[in-house]
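Asks: Handing you this structure, nothing more for now.
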Amino acid sequence: MIAIEPEPHAPAKSEGKALLIEGLSVGFGGLLALDQVSLTAFQRETVGVIGPNGAGKTTLFNIICGFVGADSGQVSYGGISLLERHHPHDLTKLGIARTLQGVGLFAGLTLLENVMAGAQAGLRSDIASAFLGLWRSSREERRLALRARELLDELGVGAYARYLPAALPFAVQKSAALARALIAEPSLLLLDEPASGLSNDEMDELATMIRGLRSRMGILLVEHHMDLVMSVCDRIVVLDFGRVIADGTPESVRSNPEVATAYLGDEIDKSSGHSQAFDDA
Ligand SMILES: Nc1ncnc2c1ncn2[C@@H]1O[C@H](COP(=O)(O)OP(=O)(O)OP(=O)(O)O)[C@@H](O)[C@H]1O
Ligand SMILES: [Mg+2]
């Protein structure tokens, strides 16, 4: 029998925690939103999850986060099953953080408070206020406020720390949402359409930032903007009608005929500029 050597980068990838999804299915009424989905994301790997509107991308995130239950299959992170009744609050402890499709900041909290609230994932807005109230003048609250301010500064929006979200440009709100996900120092970060609504320049900044995070955590990136996905992802998984139709390097996905037929058409060849179909998403 021939011994097969692991590929050179395999040991580094297998270090740390991995997200393992196997045979995951979930239906809503008659609709199969995810159909036998399997994928893995290793620590320090950036995995893109793409697919047309309604393909099941957000549902996949919702299952990982415990917002939606699965009908069958396995989802684990670091060897711990995420399907066995974990509460979204437990995510922080597990090292998982996410940003929501849209922005999802608490309207009644300043940017700084929103980011601080991210230290405890899954809080409702009223509870978040009370929670921050409890911390007031404690050492922990000061430490968190300092860290929240640092993150907002790193993302270039520290000047808005004391403002309520509604008064601020969309891109600033999105940066704050990202800071809120990062304050818990996750080892796995789930980003649901972080580029939607951003200008090209803002998207470039986002790409730089995502690349900067790669050495610290695994990232699952749901995105319609192909330039961004192609430029930051190590691997891309393509969903179509809840099924994985491709899983490979950006190059292999770009040249995969099934992907082209099912979803991307000639859009994917336009590596500069954004496809109208994606921008409308
Ligand atoms: N809670 C729910 N109840 C019923 N149907 C749902 C629910 N959540 C999602 N769906 C349906 O499941 C399918 C997958 O939706 P999902 O939001 O995961 O798609 P998506 O890939 O994130 O799409 P988009 O790119 O538009 O964000 C869609 O047909 C959607 O209407
Ligand atoms: Mg979605």
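Asks: For the stretch 21-64, which positions are away from ligand 2 (no atom under 14 Å from the Cβ) and on the phi > 0 side of the Ramachandran plot?
Replies: Residues satisfying the conditions are Gly23, Gly29, Gln36, Arg44.
Asks: Give me the pairs, please: first residue somewhere in the stretch 54-65 and under 12 Å from Leu220 (Cβ atoms), second residue anywhere and open to solvent by less than 10 Å² (accessible area, probe 1.4 Å) and within 6 Å of ligand 1 (Cβ to nearest atom), beta-carbon distance under 6 Å, and either six or more positions apart or on two chains.
Replies: Pairs found: Lys57/Gly51.
Asks: Shifting gears a bit: Kindly evaluate Gly102 against the criterion of being modelled with pLDDT under 75, assigned to a loop (DSSP other than H, G, I, E, B) and out of contact with any helix residue (DSSP H, G or I) (no Cβ under 6 Å at 6 or more places or on another chain). Explain how you work it out, then say what you get.
Replies: Values: modelled with pLDDT under 75: no; assigned to a loop (DSSP other than H, G, I, E, B): yes; out of contact with any helix residue (DSSP H, G or I) (no Cβ under 6 Å at 6 or more places or on another chain): yes.
Criteria not met by Gly102.
Asks: Would you check if there is a residue in the stretch 128-146 being part of a helix (DSSP H, G or I), closer than 30 Å to Glu202 by Cα and at pLDDT 90 or above?
Replies: yes
Asks: Out of the residues in the stretch 196-224 that are outside any helix (DSSP H, G or I) and over 14 Å from the mean Cα position of the chain (by Cα), state the one that is surrounded by the most Cβ atoms within 10 Å (Cβ to Cβ).
Replies: Leu198
Asks: With the requirement that a residue be modelled with pLDDT of 90 or more, part of a loop (DSSP other than H, G, I, E, B) and on the phi < 0 side of the Ramachandran plot, what does the stretch 168-195 give you? Step through it out loud before you land on a result.
Replies: At the first step, the residues of the stretch 168-195 found to be modelled with pLDDT of 90 or more are 168-183, 185-195.
Still in the running and part of a loop (DSSP other than H, G, I, E, B): 168-169, 183, 185-187, 193-195.
Answer for the stretch 168-195, where residues must be modelled with pLDDT of 90 or more, part of a loop (DSSP other than H, G, I, E, B) and on the phi < 0 side of the Ramachandran plot: Leu168, Pro169, Ile183, Pro186, Ser187, Pro194, Ala195.
Asks: Identify all residues within the stretch 226-239 that are open to solvent by less than 20 Å² (accessible area, probe 1.4 Å) and in contact (Cβ under 8 Å) with a residue 40 or more places away in the chain; write none if there are none.
Replies: Across the stretch 226-239, the qualifying residues are Met226, Val229, Val232, Cys233, Ile236, Val237, Val238, Leu239.
Asks: Separate question: Kindly indicate whether Gly212 is over 10 Å from Gly48 (Cβ atoms) and within 16 Å of ligand 2 (Cβ to nearest atom). Quick ask: steps written out before the conclusion?
Replies: On the way: over 10 Å from Gly48 (Cβ atoms): yes; within 16 Å of ligand 2 (Cβ to nearest atom): no.
In short, no.
Asks: Filter the stretch 155-213 down to residues that are within 16 Å of ligand 1 (Cβ to nearest atom) and touching a Pro at 6+ places or on another chain (Cβ under 7 Å), then give me how many there are.
Replies: Count: 1.
The values are calculated or read from the model by the stated rules, or taken from the named source; none is laboratory data. The structure presented is a predicted model; accordingly, all values stated were derived computationally and were not measured. We place every Cβ from the backbone using ideal geometry, glycine too, and count neighbours over all the protein chains shown. Ligands, DNA and RNA are stripped out before the accessible areas are found, and what is left, the full protein with its side chains, is counted by its heavy atoms. Shrake-Rupley method; radii C 1.70, N 1.55, O 1.52, S 1.80 Å.
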